[in-house]
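Read through the structure below, which is laid out as structure tokens, and then see the notes.
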Amino acid sequence: MSSDVLRPEEGGGESVVATGQDSDKWLTAHNDPVAGLNTFSSCMALADLSADGEIKLIIADLGSGTHNMKLKVYKGTQLSSENTLIDMPTGVITFHMDTTEPQLPAVAVASGSYIYIYKNLRPYFKFTLPTLEVNPLEYDAWNQARDDLLDVSLLYEILDSLRHEVGECGLTTRSQRFLMCPDHQSQQNFLDQHKGFLLKRQTVVTAIATLKKSYAEEEAISCLVLGTESANVFILDPEAFTILNSVSLPSVAVFLSVFGLYDVEYRIIVACRNGHVYTLKRGVKVGRPTIELNSQAVGLVRRDKNIFVATMDRNLHCFSNKGKRLWTQQMDSVISCLELIEIKSLNLRLVAVALEDRRVLIFKDKYVVDTIHMEAPVSAMLFGRFGREDNTFILVMKGGGLHIKILRRKARFAADDSSGLGPAAATRLNVPKKTKLFVDQTMRERENSIQMHRVFQHDLYKLRLNTARQYVRALETSSNPVSITQTEPLKLSAQVLGLGPTFKIKVELQNTSASSPSLGLMVVFHADHHVYNVQNSVIQVPMLVPGVAHVVETLVNNVSELGVADTVKVLVVKENSTRPVLTALISMPVADTVS
Amino acid sequence: MGLFDKLAFSLGLKKREANILVVGLDNAGKSTVLNHFKPEDQRTSDVVPTVGYNVEKFKTKSVGLTAFDMSGQARYRNLWEAYYQDCQGIIFVVDSSERLRLVVAKEELDIMLEHPLIKPRRLPILFLANKMDLRDAISSVKVSAALGLDRLTDKPWHITACNAVTGDGLHEGIDWLSQMIKDAVDKNAQKL
């Protein structure tokens with residue numbers, strides 16, 4: 001990240017509301033939950049269609065997907081015009097195709113294998129994509145079928161085997177439809193209906209964008225950039241509608257992001273259906289692979305020197321223009337679309353991410369600076385100047401609702417450092433240079449790896465063995481505070497009270513057996529007589545009832561001239577037994593000598 | 001106010017003077033409204049977007065008014081508050097045909113009413129629901145509902161539908177405003 005390093009917000013005096021709760025940065029200008037729109041971000045555009053300073057919203061409505069497809073124009077909150085579309089729209093853009101006054105932008109609607117150009121909202125021109133070569137076998141088969149040399153089932157067989165050979169997309173749409181017919185009768189009908197026409201193989205527009213031709217001004221002439229199903233990217237001349245440049249890609253373009261000028265230098269970033277992102281430059285015929293994604297892209301946005309890609313596996317990635325991954329953020333929900341929010345008055349470029357759980361997150365770099373909660377999942381978003389308001393955010397819901405939000409004049413977006421990774425994560429660690437010693441050691445380790453491993457294992461086993469031996473010895477001599485013998489299950493805990501030189505040792509004995517009581521026990525205190533003088537070194541313990549704790553205590557006097565501390569051994573012994581039942585070692589504290 | 005001034009007022013020799021602030025969103029018609037109050041020969045035929053602000057002086061029946069015609073463009077809207085200090089009345093112009101931005105007009109009105117220089121004062125506010133001749137225009141009642149004027153109880157206000165190009169409805173509004181200002185000035189004069 002170089003140019004887009006966050007600057008702290010200049011204090012405007014406005015309080016910034018913490019993210020997480022519903023945003024108060026936006027005003028709801030219009031909310032029509034029953035607008036009945038079915039569209040995607042690529043099918044929406046904003047343009048001053050009548051050159052009166054009032055920007056209109058153009059939406060290509062997909063209707064039901066097969067019927068009722070319309071090109072709708074909204075003036076403010078009112079629907080001002082509707083044009084019927086013949087086929088399913090895949091994209092809408094507005095561009096200037098000439099410099100005649102008044103400068104009215106043209107609307108281009110990509111639909112099927114055609115680009116329909118509207119001027120003044122009237123049909124103006126139709127551009128047809130170049131036809132592709134028909135497979136000769138397929139061509140012959142249809143020709144023979146036309147001349148009744150081939151019957152329906154035979155034609156089906158030929159086309160079906162051809163489909164296995166070249167794939168579904170290698171066939172013409174007519175063959176594809178024919179192979180989709182379920183039974184003999186419908187196949188026969190289809191053949192009768194279509195055999196008289198010339199067989200053509202056409203491709204379909206999958207993505208559309210604009211590229212300024214020679215000047216960067218707002219109203220300069222733009223070329224059209226088209227991505228097609230035949231895995232090509234075409235650049236069209238806006239006046240003659242000829243193909244200026246054609247680039248082939250390994251896969252079909254889904255999203256296009258274009259910047260630069262056609263006559264000078266340009267870049268086209270293409271997200272493809274195979275989950276890769278390619279970059280096209282002026283003068284190249286093949287796209288350069290830039291990014292390999294782990295999943296398919298659902299949105300592509302370019303901001304300054306970064307490329308933002310949202311993928312189907314709920315991730316939002318940020319890459320440099322060269323394709324280096326800068327960061328990735330995982331979302332809680334599936335991402336439905338992505339939109340760039342450019343606020344010129346604040347000199348800000350944010351990225352809005354619409355999630356399936358009805359939230360719209362707004363990112364400033366990798367920080368979420370705002371969250372908008374909607375009533376329905378968002379299917380399309382567009383940010384820009386609408387009407388006379390610069391910062392308008394248009395959202396179309398899955399259920400067909402249209403929601404228009406306007407940014408408050410005093411709204412500010414400040415990054416909240418607590419969310420996401422801190423800036424420390426981005427800084428590199430200062431790794432010192434490798435010394436000669438380090439290199440020598442590394443070499444030695446590499447050469448003698450097996451031997452070193454064996455020595456290590458040998459020592460480890462020895463350590464384990466030693467530990468086990470000591471443990472067994474401890475058990476045998478009962479020098480542990482919990483007795484585990486079956487006959488006398490006992491637990492001992494000792495406490496030292498006082499500051500010295502006289503201490504009191506409290507020993508708590510508990511019978512841990514289920515039912516059998518312990519008889520004839522004695523507690524013996526043993527200490528170095530140079531250091532400690534134990535008042536009652538042997539204490540008789542009465543019968544121990546299971547579960548009840550018995551406390552015995554004695555005074556211990558520190559008699560050492562030097563004031564050193566030593567240990568006192570507490571032994572629990574049974575009458576007529578040579579081995580103690582259990583042993584505890586008490587480290588005595590240093591006595592506070594009386595001066 | 002001296003004795004001589006009082007005498008002059010009561011005899012009708014000297015007119016009361018007041019400053020008013022004209023605010024509203026861009027393209028609401030503020031400059032066009034003021035253009036209408038100018039003498040016939042000084043009016044401009046094409047009004048251009050105001051940059052910063054303009055000052056216009058005109059006389060009504062009871063008071064002489066100095067109007068500060070503020071620019072409504074978003075980047076100039078923070079200039080408005082610089083003139084809150086010495087104004088005796090406010091004209092808030094709304095484009096009643098632009099439903100999309102009524103919410104923005106309300107937002108700007110709320111910011112203004114919350115300003116410490118406006119909040120404690122009983123300033124008369126005249127709302128002009130402009131462009132009532134347009135097909136998309138909504139009625140002044142709807143404008144007042146959209147702006148939430150029913151909640152504005154601590155200041156005298158008045159809303160009138162108007163057409164600033166032809167001048168319809170403007171005089172009714174300005175008469176109300178000048179009456180309110182005159183009353184306020186007289187009250188002040190009595191106090192002294």
- Query: Got a sec? Which of B:ASP26, B:ASP86, B:ASP46, B:ASP69 is closer than 18 Å to A:ILE406 by Cβ and charged (D, E, K, R)?
  - Reply: B:ASP26
- Note on the structure: Within the stretch A:379-397, residues within 14 Å of another protein chain (Cβ to nearest Cβ) and either closer than 14 Å to A:VAL334 by Cα or not in a strand (DSSP E or B) (or both) come out as A:ARG388
- Message: I'd like the residue in the stretch B:47-62 that is modelled with pLDDT of 85 or more and assigned to a loop (DSSP other than H, G, I, E, B) and, out of all such residues, is nearest to the other protein chains (Cβ to nearest Cβ).
- Response: B:PRO49
- Task: Give the residue that is nearest to A:ILE335 (Cα to Cα), with candidates limited to residues of the stretch A:28-45 that are crowded, with 16+ Cβ neighbours inside 10 Å and within 11 Å of chain B (Cβ to nearest Cβ).
- Result: A:ASN31
- Being within 14 Å of chain A (Cβ to nearest Cβ), in contact (Cβ under 8 Å) with a residue 12 or more places away in the chain and among the β-branched types (Val, Ile, Thr) is the filter here, so list the residues in the stretch B:103-143 that pass it. B:VAL103, B:VAL104, B:ILE138
- Item | Which numbered condition A:CYS181 fails, given (1) buried (at least 16 other Cβ atoms within 10 Å of the Cβ); (2) in contact (Cβ under 8 Å) with a residue 12 or more places away in the chain | (2)
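Quick grid of which residues meet (1) touching a Pro at 6+ places or on another chain (Cβ under 7 Å); (2) exposed (fewer than 13 other Cβ atoms within 10 Å of the Cβ); (3) touching a residue at least 60 places away in the same chain (Cβ under 8 Å):
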{"residue": "A:LEU162", "(1), (2), (3)": "no, no, no"}
{"residue": "A:GLN185", "(1), (2), (3)": "no, yes, no"}
{"residue": "A:GLN193", "(1), (2), (3)": "no, yes, no"}
{"residue": "A:ALA216", "(1), (2), (3)": "no, yes, no"}
{"residue": "A:ALA220", "(1), (2), (3)": "no, no, yes"}
- Task: Starting from residues that are more than 14 Å from chain B (Cβ to nearest Cβ) and at positive phi, keep the ones in the stretch A:46-73 and report whichever is surrounded by the fewest Cβ atoms within 10 Å (Cβ to Cβ).
- Result: A:GLY65
- Message: Cβ-Cβ distance below 7 Å, separation of 6 or more or different chains: which pairs start in the stretch B:28-43 with a residue that is charged (D, E, K, R) and end on one that is part of a loop (DSSP other than H, G, I, E, B) and crowded, with 20+ Cβ neighbours inside 10 Å?
- Response: B:LYS30/B:GLY72
- Message: Given the criteria farther than 24 Å from B:ARG151 by Cβ, touching a residue at least 24 places away in the same chain (Cβ under 8 Å), within 14 Å of chain A (Cβ to nearest Cβ) and crowded, with 16+ Cβ neighbours inside 10 Å, does B:ASN19 qualify?
- Response: no
- Message: Any residue at all in the stretch B:146-156 that's away from every other protein chain (no Cβ under 14 Å), under 13 Å from the mean Cα position of the chain (by Cα) and surrounded by fewer than 23 Cβ atoms within 10 Å (Cβ to Cβ)?
- Response: yes
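A quick yes/no check of all residues on (1) β-branched (Val, Ile, Thr); (2) farther than 14 Å from A:THR477 by Cα; (3) exposed (fewer than 13 other Cβ atoms within 10 Å of the Cβ):
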residue: A:VAL556; (1), (2), (3): yes, yes, no
residue: A:GLU561; (1), (2), (3): no, yes, yes
residue: A:VAL564; (1), (2), (3): yes, yes, no
residue: A:ASN576; (1), (2), (3): no, yes, yes
residue: A:PRO580; (1), (2), (3): no, no, no
residue: A:THR583; (1), (2), (3): yes, no, no
residue: A:ILE586; (1), (2), (3): yes, yes, no
residue: A:PRO589; (1), (2), (3): no, yes, no
residue: A:ASP592; (1), (2), (3): no, yes, yes
- Note on the structure: Of all strands (runs of 3 or more DSSP E) fully inside the stretch A:1-104, the set with 3 or more residues that are over 25 Å from A:ALA209 (Cα atoms), in contact with a strand residue (DSSP E or B) (Cβ under 7 Å, 6 or more places away or on another chain) and at pLDDT 85 or above is A:26-32
- Can you tell me which residue in the stretch B:63-90 is nearest to A:GLU389 (Cα to Cα), limited to those that are under 15 Å from the mean Cα position of the chain (by Cα) and within 13 Å of another protein chain (Cβ to nearest Cβ)? B:GLY72
- Message: Suppose the filter is β-branched (Val, Ile, Thr), more than 12 Å from every other protein chain (Cβ to nearest Cβ) and within 13 Å of the chain's Cα centre (by Cα); does B:VAL93 pass it?
- Response: yes
- Task: Please work out if A:GLY76 is within 14 Å of chain B (Cβ to nearest Cβ), exposed (fewer than 14 other Cβ atoms within 10 Å of the Cβ), touching a residue at least 24 places away in the same chain (Cβ under 8 Å) and farther than 29 Å from A:GLN202 by Cβ.
- Result: no
- Where A:ASP87 falls short, out of the listed (1) closer than 30 Å to A:SER186 by Cβ; (2) without any contact (Cβ under 8 Å) to a residue 24 or more places away in the chain: (2)
- Message: Could you check the stretch B:1-26 and list, in sequence order, the residues that are modelled with pLDDT of 90 or more and not aliphatic (A, V, I, L, M)?
- Response: B:ASN19, B:GLY24, B:ASP26
- Item | Candidates A:VAL472, A:VAL531 - the one that is in contact with an Asp or Glu (Cβ under 8 Å, 6 or more places away or on another chain) and not hydroxyl-bearing (Ser, Thr, Tyr) | A:VAL531
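The values are calculated or read from the model by the stated rules, or taken from the named source; none is laboratory data. Only a predicted model underlies this, so the values are computations on that prediction, with no experimental measurement involved. FYI the Cβ positions are ideal-geometry reconstructions off the backbone, even for glycines, and counts take in every protein chain you see.
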